[in-house]
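I have placed the structure first, in the form of structure tokens, so that the comments after it can refer back to it.
The values are calculated or read from the model by the stated rules, or taken from the named source; none is laboratory data. All figures in this text were calculated on a predicted structure; none of them were measured in a lab. For neighbour counting, all protein chains shown are included, and Cβ atoms are generated from backbone atoms with ideal geometry for every residue, glycine included. Heads up: the accessible areas ignore ligands, DNA and RNA and are worked out on the full protein's heavy atoms, side chains in. Shrake-Rupley method; radii C 1.70, N 1.55, O 1.52, S 1.80 Å.
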Amino acid sequence: MSEQLRLYSYWRSSAAYRVRIGLNLKGLAYETSPVHLVRDGGEQHRPDYVAVNPQQLVPTLMHGVRVIRQSLAILEYLDEAWPSPGLLPMTARDRARVRGLAQLVASDIHPLNNLRVLRYFEQSWGVPQSERDEWTRHWINEGFEALEVLLESDPATGTFCHGQAPGLADCCLVPQVFNARRFEVDMTPFPTISRIEAACLELPAFIDARPDRQPDAQQPA
Ligand SMILES: N[C@@H](CCC(=O)N[C@@H](CS)C(=O)NCC(=O)O)C(=O)O
């Protein structure tokens, strides 16, 4: 497992942010290869990156010569390759709960608000910025309403999404709250989500993964 880890990342990508948290929680050193999603029409569309990730999305993780795509698959790969500390709990039932929380964010909230979706609205249909922002807020709110209930009502929720140690669901929650704040979602109706985010952001693994701490952090082009 001594081969180099390299993460194709963009500082504001919430999917890449998930993986940065996971790498940090595992204490794994990695190199960052920035892929600017905005500059020059988006470096994710450059042939050299398309060869690595035909979906033209970040993140992509290189482990030696292995290429791993999709943030949740990358996080589970890290967890299998470096089991301690675990990102998933011990029992099948608990693992299903944590994966369910993670997928609520990664599969059902985030894709609706992705850059390419918002760009399509703008370029194909001329949807103005204010309405695109409203769309984003709508889907974050709807997802967070369910997530708040699931977290608040379940005794398995602890300081973190599941128990007293951060894991896969927290890797997804914190970047999604970052996006919510960026789009000025009112977080007042989501006290449990906000409490867990605050607990995570006290930990170096989460602090070091923050967008503004990344080598490519800057104002968008
Ligand atoms: N399901 C993918 C989603 C990846 C994704 O959507 N990445 C965004 C950034 S958060 C991206 O690269 N967007 C580029 C674009 O929309 O052109 C994953 O979890 O890795």
What distance in nm separates the two pseudo spin-label positions at Ser2 and Glu131, each 7 Å out from Cα along the beta-carbon direction? 5.9 nm
Three semi-axes of the equivalent ellipsoid, the chain, Cα gyration tensor, whole Å, largest first: 26, 24, 14
Within the accessible area of region 142-194, what % is carbon and sulfur when the probe is 1.4 Å and the other protein chains stay in place? 56 percent
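How high is the relative contact order of region 92-221, given as a whole-number percent (alpha carbon pairs under 8 Å, six or more residues apart)?
Once divided by the residue count of region 92-221, the mean separation gives 26 percent.
I need the calculated FRET efficiency for the pair Val50 and Ala165, taking r as the beta carbon distance and R₀ as 41 Å, to the nearest 0.05.
0.60
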Say R0 is 30 Å: what FRET efficiency, to the nearest 0.05, do Tyr120 and Val149 get from their beta-carbon distance? 0.45
So, in nm, how far is label Ile207 from label Arg99 when the simple model puts each one 7 Å beyond its Cα toward the Cβ? 3.4 nm
Cα extents of region 1-112 along the principal axes, largest first, in whole Å, come to 46, 36, 20
Computed over region 90-221, the Cα gyration tensor eigenvalues, each multiplied by 5 and square-rooted, give semi-axes in Å (largest first) of 27, 18, 13
Using the Kirkwood radius over C-alpha pairs as Rh, can you work out the diffusion coefficient of region 61-112 via Stokes-Einstein at 37 °C, viscosity 0.692 mPa s, in µm² per second? 270 µm²/s
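Keeping every protein chain present and rolling a 1.4 Å probe, give me the accessible area per residue for region 74-185 in Å². Intermediate values should be presented prior to the final figure.
Values: 5650 Å² over 112 residues.
Heavy-atom accessible area per residue stands at 50 Å².
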Could you state the number of Å between the C-alpha centres of region 165-221 and region 103-124? 18 Å
Over the chain, relative contact order from alpha-carbon pairs under 8 Å, at least 6 apart, %: 26 percent
Mind listing the long-range amide H neighbours of Ser9? Cut-off is under 5 Å, sequence gap 5 or more, other chains count too, H placed in the peptide plane at 1.01 Å from N. Ser33, Val35
Over the heavy atoms of Arg99, what accessible area does a 1.4 Å probe trace out, to the nearest 10 Å²? 80 Å²
Relative contact order of region 24-90, defined on C-alpha pairs under 8 angstrom at six or more residues apart (%): 21 percent
With all protein chains present, calculate the accessible area of Trp11 using a 1.4 Å probe and round the result to the nearest 10 Å². 30 Å²
Given labels modelled 7 Å from the Cα in the Cβ direction, how far is it in nm from Arg39 to Arg181? 2.5 nm
